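The values are calculated or read from the model by the stated rules, or taken from the named source; none is laboratory data. For clarity, every value in this text was computed on a predicted model and none was experimentally measured. Cβ placement follows ideal geometry from the backbone for every residue including glycine, while neighbour counts extend to all protein chains displayed.
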Amino acid sequence: MLKYVLLACALVGILAIVYWVWFARGDDRKRAHSEHALMQSNGTFDARARDALNTLTQIEDPTPGDRFRRGDIVRYNVLEGRVNNRVAVGTMVRDYAAALANMRDDADRDIPADFMVHRIEDLNHELMDADINDDEILHMIFGFNNIVTTRAPVVRQEIIQNRLREAVETAPTRAEAINNYFDAATTYTSDTQNVHDTMVNKDLNDALKKMRMTAGPINAQAAINEASDYITNVYAKSEFNAHKVQNARAILRIIARGETISTYAETESTIFAIVWERCKHEANTENAELMREAVINSLADGIENGNPVCINGRCSRVLNSLVKLDYDKSISDQGAMTFEAYKNQIYQETKSIIATAIENGSNSEDAATRDAAAAYNGVDVEVDPATDARFKNDIRVEIDRNLETYRGKLSDREISNIRDECYVFATV
């Protein structure tokens, strides 16, 4: 009898393993396949993007991250900035809304929840500001807006509270808990769609405006002809560029079509001409040849996996090509940054502000201030409530002063959300 019981148990175990491998892990395989396919896409709704979207729709138990990825593909690879397709818009907002409705702090192992929330909110603001005359699409947008404005603040607060709890639980002092909190809030998301990031586009738009102001009359065809001659007579003669020449010429031919890109309210050929002319600015004389080579390198980089990237990708590469080379530090210093990069920078600056305040407080001539600072370092002292409140308020003032330096880079809404998170230090 025991033999049959053991056999039955073994059979159940085998069936469980088979289920796990073929069914439970099936979603993981599909997820991995879709991510790989999307990485191979050129940013349009090409065969790889279609494969990624189709595979994601076959996942039996989709996570918020799966729904988010589906929304992203429709948004960036299918619609590409246009909001004129009822089916596509409906699919996009339903997937994003479903992602938001079921989102938790640990909603996806690869995409931080706050990254998804920001991108969904960003789309909502774009849709609400868009000039749309289709009543059916407008109905979907208003419904989406109700969901986002209601749910997003709740999710964001959950993220903050969970992050704060974990930071406190893993730190012996308040100062360390604060550091843990901001380190956890600093995220680095692998994002194939970062050329569409609002902050990237804003930074590049600002750079374009500055270059346009000094460019003089623009002759797009003349600039394209000059670039073509440069590829033949200079660029192609370098052994390091030999394999890039064909790609650069292919992208230059596409640019010559002069297609309009709504992100910059300009034609692609004009954008290229403005950047090419920038190489001739008298203040750039010393770096002129390096700048021309960098521009052509950006064209060569516009071919990925044998196909040209989307127009957003091509323009962002050209506009970013003068980083570290242009005389204007606002263009050359760091180039375009994503919202996540700005956020990370602010969080690390906030850590520094708080650490400096604690150090200065520890060296204060006022005993009550020294006690307030010592409490952050784990010293068991009785802190005067009024002094503690003033100490925290002084830190808030410095945080606000720092955030003001990002005014014009980030929106009022984004600054407000980041401020809320920076102020969390006061609750530790």
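Residue pairs whose Cβ atoms lie under 8 Å apart, sitting 6 or more positions apart in sequence or on different chains, and linking a residue in the stretch 201-223 that is touching a residue at least 60 places away in the same chain (Cβ under 8 Å) and closer than 15 Å to residue 280 by Cα to a partner that is of a type outside the set (Val, Ile, Thr) and not in a helix (DSSP H, G or I), are 210/328; 214/281.
Against the criterion of being of a type in the set (Lys, Arg), assigned to a helix (DSSP H, G or I) and free of Cβ contacts under 8 Å to residues at least 12 places away in the same chain, residue 50 qualifies.
Quick one: would you say residue 359 is assigned to a helix (DSSP H, G or I), under 27 Å from residue 170 (Cβ atoms) and in contact with a helix residue (DSSP H, G or I) (Cβ under 6 Å, 6 or more places away or on another chain)? Write out each step before concluding.
Numbers: assigned to a helix (DSSP H, G or I): yes; under 27 Å from residue 170 (Cβ atoms): yes; in contact with a helix residue (DSSP H, G or I) (Cβ under 6 Å, 6 or more places away or on another chain): no.
Here the answer is no, as residue 359 does not meet what is asked.
Just the residues that are closer than 18 Å to residue 308 by Cβ and within 32 Å of the chain's Cα centre (by Cα), please, taken from the stretch 228-245. Matches in the stretch 228-245: 243, 244, 245.
If we scan the stretch 96-118, do we find a residue that is basic (Lys, Arg) and part of a helix (DSSP H, G or I)?
Restricting attention to the stretch 96-118, the residues satisfying the condition of being basic (Lys, Arg) are 104, 109.
Cutting the leftovers down to part of a helix (DSSP H, G or I) gives us none.
No.
Give the residue, chosen from 229, 191, 183, that is among the acidic types (Asp, Glu), surrounded by fewer than 16 Cβ atoms within 10 Å (Cβ to Cβ), farther than 30 Å from residue 104 by Cβ and not assigned by TED's automatic domain parsing to the domain that holds residue 100. Quick ask: steps written out before the conclusion?
Details: 191 fails: farther than 30 Å from residue 104 by Cβ; 183 fails: farther than 30 Å from residue 104 by Cβ.
Selected residue: 229, the only one of 229, 191, 183 that is among the acidic types (Asp, Glu), surrounded by fewer than 16 Cβ atoms within 10 Å (Cβ to Cβ), farther than 30 Å from residue 104 by Cβ and not assigned by TED's automatic domain parsing to the domain that holds residue 100.
Does residue 275 satisfy the criteria of being among the β-branched types (Val, Ile, Thr) and either in the same structural domain as residue 376 (by TED's automatic domain parsing) or not in a loop (DSSP other than H, G, I, E, B) (or both)? The answer is yes for residue 275.
I need the full set of residues from the stretch 255-314 which are acidic (Asp, Glu), surrounded by fewer than 17 Cβ atoms within 10 Å (Cβ to Cβ) and under 26 Å from residue 242 (Cα atoms), in order please. If the condition is that a residue be acidic (Asp, Glu), surrounded by fewer than 17 Cβ atoms within 10 Å (Cβ to Cβ) and under 26 Å from residue 242 (Cα atoms), then 286, 289, 304 are the ones that fit. Just one of (1) over 19 Å from residue 174 (Cβ atoms); (2) at pLDDT 95 or above fails for residue 374. It is (1). Here residue 320 fits the description: out of contact with any strand residue (DSSP E or B) (no Cβ under 7 Å at 6 or more places or on another chain), of a type in the set (S, T, N, Q) and either closer than 30 Å to residue 262 by Cα or in contact (Cβ under 8 Å) with a residue 24 or more places away in the chain (or both). Residue count for the stretch 224-234 under the criterion of being in contact (Cβ under 8 Å) with a residue 40 or more places away in the chain and either within 13 Å of residue 276 (Cβ to Cβ) or charged (D, E, K, R) (or both): the result is 5.
Checked against the criterion of being modelled with pLDDT under 95 and over 25 Å from residue 192 (Cβ atoms), the candidates 329, 351 yield just one match: 329. Against the numbered list (1) under 23 Å from the mean Cα position of the chain (by Cα); (2) surrounded by 21 or more Cβ atoms within 10 Å (Cβ to Cβ), residue 326 comes up short only at (1). Among the criteria (1) farther than 15 Å from residue 222 by Cβ; (2) in contact with a Gly (Cβ under 7 Å, 6 or more places away or on another chain); (3) β-branched (Val, Ile, Thr), the one residue 296 does not fulfil is (2). Of everything in the stretch 387-417, what is in contact with a Phe, Trp or Tyr (Cβ under 9 Å, 6 or more places away or on another chain) and not in a helix (DSSP H, G or I)? Give them in sequence order. Correct list: 406, 409, 410.
Looking at residue 248, is it within 28 Å of the chain's Cα centre (by Cα), among the small types (Gly, Ala, Ser) and farther than 30 Å from residue 130 by Cα?
Values: within 28 Å of the chain's Cα centre (by Cα): yes; among the small types (Gly, Ala, Ser): yes; farther than 30 Å from residue 130 by Cα: yes.
Considered against the rule, which asks whether it is within 28 Å of the chain's Cα centre (by Cα), among the small types (Gly, Ala, Ser) and farther than 30 Å from residue 130 by Cα, residue 248 comes out as yes.
Going by the conditions given, is residue 30 farther than 22 Å from residue 143 by Cβ, at pLDDT 90 or above and more than 21 Å from the chain's Cα centre (by Cα)? For residue 30, the condition - farther than 22 Å from residue 143 by Cβ, at pLDDT 90 or above and more than 21 Å from the chain's Cα centre (by Cα) - is met.
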